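A.B. asks: First the structure, then my questions, so here it is.
Each value in this text was obtained by applying a stated rule to the coordinates, not by laboratory testing. Bear in mind the structure is a predicted one, so any value in this text is a computation, not a measurement. Virtual Cβ from ideal backbone geometry, glycine too; neighbours counted across all protein chains shown.
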Amino acid sequence: MIIAIIFLLLIIPFLIFYIFAKKRDFKKYNGLVLFDIDGTLTPNSANYNFLLVQTCINENFAVGICTANRRYSMKNILTFDWMPINLYNFISKQKNITFNNVSNQVLMGETTEQYFKLLNQHPGYLKGFALEKTANTLGIINPSCMILCDDDNGYIEYALKYKSDINIVNCGIERLNTQNLKSAMLKCLKL
């Protein structure tokens, strides 16, 4: 009898984990690219941004958003003329886990207090945290495969303070384009 109880105690956690894992059964991606909005996506048309996002998707990279502007949410994001439909569709298909808004405490599509637990509250630091947590949820653990596209040097500096070996596309130096995206993805794919 005791052996049966011990067996059940061992098997029940496994079954719970299996069921939970099935609900989060995400496709295996090469990496993750999170786009800032203001100054990164906003200078471009939706068509231009569509090509950028598609470049990532074609290389089997998950895509999403990481912003610090309170006005953006998944409920209103399609109303902006820079928003490409392929980015919105990708985020939606992933149950919003690739949508982050650090100013609204949205991490992986859900409001959370996890940001408050961090010692550093700079938005760039929070973006680094959101990038890593989103990537890890998708099974991406290599920092070279965690790409943040941002135009704000202060945010970039603090994202790198969070995790110094994440992959950054600095859109403040050069406008976001397929070439600098491909260069960032290549850093990951060479490994």
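A.B. asks: Taking the Cα centre of each part, how many Å lie between the stretch 26-41 and the stretch 85-144?
C.D. replies: Each part's Cα centre sits 10 Å from the other's.
A.B. asks: Along the charge dipole of the chain, Cβ charges K/R +1 and D/E -1, which of T178, F80, T137 sits furthest on the positive end?
C.D. replies: T137
A.B. asks: Only helical DSSP H runs with n ≥ 4 go in: add -39500 (n - 2.57) per run for the chain, normalise by residue count and round the 222 nm mean residue ellipticity to 500 deg cm²/dmol.
C.D. replies: Result for the chain, helices only: -13500 deg cm²/dmol.
A.B. asks: Continuing with this model, one more query. Determine, for the stretch 29-189, the count of lysine pairs separated by eight or more sequence positions (or lying on different chains) whose alpha-carbon distance falls under 16 Å.
C.D. replies: Count of close lysine pairs: 9.
A.B. asks: Separate question: Choose one answer from K127, K75, K161: the residue with the largest mean-square fluctuation in a GNM of the chain with alpha-carbon springs under 10 Å.
C.D. replies: Result: K75 has the largest fluctuation of those listed.
A.B. asks: Just checking my list (1) 1.11; (2) 2.63; (3) 1.04 against Cα Rg over 2.2 N^0.38 Å computed from this structure; which label fits?
C.D. replies: Computed from these coordinates, Cα Rg over 2.2 N^0.38 Å corresponds to label (1).
A.B. asks: Mean Kyte-Doolittle of at least 0.5 plus a Cα span of 30 Å or more along the axis: flag which DSSP H helices in the chain meet both, please.
C.D. replies: Once both thresholds are applied, what remains is 2-23.
A.B. asks: Then there's this: Taking 0.36 nm per residue of separation and subtracting the Cα-Cα distance, what length does fully extending K163 through N47 add?
C.D. replies: Stretched out fully, the K163 to N47 stretch lengthens by 38.5 nm.
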